[in-house]
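No value in this document is a laboratory result; all are computed from the given coordinates. The shown structure was predicted, so the numbers you read here are calculated from the model rather than taken from an experiment. Please note: Cβ atoms are built from the backbone with ideal geometry, for glycine as well, and neighbour counts cover all protein chains shown.
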Amino acid sequence: MQTLDRIRNLAQLLNLKKTAGESFVLMLGAGASLSSGVKPTATIMEELVSTYATQTASADTIEDRFDELWRTGSEANRGLWLKPYLNRPPSSGYHRLAELIQRGFFDVVITFNFDRLLERALDDAGFTDYKTIIRGETDVQSIAKLVQSREPRVKILKMHGSLQSSDYFLFSKEEMLNYPPDLEKVISDLTSRDIVICGYAFNDECLRRAFDPSKGGGDIYYVNPSGAVENVKGLLSRRRSLERVIGGDLGKFDDFVETLHRQLTTPVEASTARTRQNSFKFLDHYQEDQQLWFLGRRKLTRKVLKLFEGVPPPALFLSGKPKVGKTSFIRAGLTPYLLKPLKPRRGKDANKYEYECVYVRCKQDVEPQLRAALKARFSVDDEAWETLLPRLKTLTSKCIVIFLDQFERAARAAQESPDKKKSILDLAGRLLKHADERLVFVFIAVDENAFSKLFISLKRPEDPADIPPLPPERVASIIRYAARKGDVALDPDLITTLSNEYREGLKRGDQSFTLAHVQTICYYLARGFLPKWEGYDQLPAPGLRAALDSIKDNSSLMDLLDDLSTEERRLIRSFLKMICDPGRNTRQIVEFIRNHFPDIREDRFPEPIA
């Protein structure tokens, strides 16, 4: 993806967040102030040492000499030393950033800079609804309350001091080595949110330890002219954000902010072609990072989340008819809420549980899948369930929620032979034996006899919570909303036709026209490849018809893709979209393969071996 496209995507997400009453966190490093004439910290240290420090036997390096200078200098002199370096006028990027903050796109700014460039830009814009919180000047125990308070709306958290308070410059190695526990918790909570990081190299060990690395954290947009530095690559990978790095010229602070400002402030009418989005899924379920686009299950989400208020249930059983959207509900409707602390009901104390979610899309032999998922998440070895399950609870302070999706496959396998039945009964029995408020198992399956019989055999006769099909009227409403959200025009009569065909599919109960059909057809309608809808049987592309026909199969290509990494999965899905594209003919596809995949040989038999 090109850098400009990444800024456009960021602008779209910022707008979505703002509409939902949420906002990003912004983190600023020294790179954000270079264009305003503020020198890098290392340069400031060297020049101060050469000007004011004296050579001593105990200080060999620049850092040691600076530490000694800083430790022995008076508070008044410290301010005088730094003022020529930091008292600079804000660059154009800071003025544009002040406008974006004023418009509500950011509510917390974490900065490691001592200058007051941002405050001056906000003052110049006439914006006063902000508070600067200076570490060192503000009591550590009070910082969390100040950051969480509703007023003022914007908080600027200065981690290493500020020119505005010359008594507090956290500038030496000792002062910047560790964060107090209370402050580390504040930083961890803030960095778990969606965040934009500009010009920060992650050289501070204290910040690297405090930054939330969990996979359930929000998106990270890392802005730096040279791209992702080594210190941040692992973090970006864990937070699914390697494709959100903004480098090159647009990674320079002023250029980035001005480009983002244009994307966020240009009237929709003037940029329709650039801001249109295809908000429909192509033969796929929704993922955890697509929560804002997942529609229609708010009531069900609230119902299930209530079960997690107070003490979580040790086991939960969810069932529904085939292709009603169970996987999408788990991954985009429920999991993102569990990854954030649940809000308590009015009048009750805050929920004491935070959650670590593990998802398994089951095959018939689910045990090795579950072991592989736990090994990947917790780095555990293969060992007996009787010792492994209790040990999991010691590896994290969070409640572990394990989702076993499509568990009907394992249940069906149990009906094939006594050995298979014993195997799955033994596994499920061990899991449920160790389930409690710290280890929760959620079984999701098609509502059928095999599923029910299995848990009756385990003497667990609880009625599964139902995931009902979406009503046709709701489906029509979702199509209209998703089209409007992506600035896509769809014929109202066509939407009515699709929802009616979905209604008929529900009546037949044969999976011949499901939500996946509706989403995939709308995907191509939004792209303009189906200008005239004449019904499912009249689709012009045989590849698309074959793909849609495969939806009703119990095991399909979607299951194979789920075993791949996110990057590989999206790559193959993009190729499938091209093959199924009603706007292409077979000859175009052949030429595409020849031009872009020259190493793929024509099919020959016997095939030569390289």
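Key figures for this structure:
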{"item": "Footprinting exposure proxy for 65, 474 (fewest neighbouring C-beta atoms within 10 Å first)", "result": "474, 65"}
{"item": "Estimated distance in nm for a label pair at residue 433 and residue 393, the labels positioned 7 Å out from Cα along Cα-to-Cβ", "result": "1.4 nm"}
{"item": "Environment charge at residue 384 (Cβ cut-off 14 Å; Lys +1, Arg +1, Asp -1, Glu -1)", "result": "-2"}
{"item": "Exposure proxy order (Cβ contacts within 10 Å, fewest to most) of 33, 423", "result": "423, 33"}
{"item": "FRET efficiency, residue 226 to residue 50 (Cβ-Cβ, R0 25 Å, nearest 0.05)", "result": "0.35"}
{"item": "For residue 354, residues with placed amide H under 5 Å, excluding near neighbours", "result": "399"}
{"item": "Built amide H within the under 5 Å cut-off of residue 201, gap 5+", "result": "30"}
{"item": "Leading residue at positive end of dipole, segment 233-333 (Cβ point charges), from 241, 314, 286", "result": "314"}
{"item": "Gain upon complete extension [residue 203, residue 485; 0.36 nm per residue less C-alpha separation]", "result": "97.5 nm"}
{"item": "Efficiency of FRET from Cβ geometry, residue 19 and residue 420, R₀ 30 Å, rounded to 0.05", "result": "0.05"}
{"item": "Segment residue 131-residue 595, extension gain: residue separation times 0.36 nm, minus the distance between their alpha carbons", "result": "161.3 nm"}
{"item": "Built amide H within the under 5 Å cut-off of residue 219, gap 5+", "result": "194, 195"}
{"item": "Cleavage-rule hits (trypsin sites (Lys or Arg not before Pro)) in segment 100-158: DSSP loop, at most 10 neighbouring Cβ within 10 angstrom", "result": "150"}
{"item": "Extension reserve of the residue 148-residue 575 stretch, reckoned as 0.36 nm per residue once the Cα distance is removed", "result": "149.2 nm"}
{"item": "Karplus-derived HN-Hα couplings along segment 483-500 (A = 6.51, B = -1.76, C = 1.60, θ = phi - 60°), whole Hz, x at Gly and Pro", "result": "5, 5, 5, x, 6, 10, 8, 10, 4, x, 5, 5, 4, 4, 4, 5, 5, 5"}
{"item": "Overall form of segment 185-317 per C-alpha gyration tensor (a/c, 1.5; a/b vs b/c)", "result": "oblate"}
{"item": "Burial order of peptide ranges 206-213, 277-284 (average beta-carbon count within 10 Å, highest first)", "result": "277-284, 206-213"}
{"item": "Greater than 26 Å apart at Cα, pairs in 155/393; 83/155; 306/433; 145/398", "result": "155/393"}
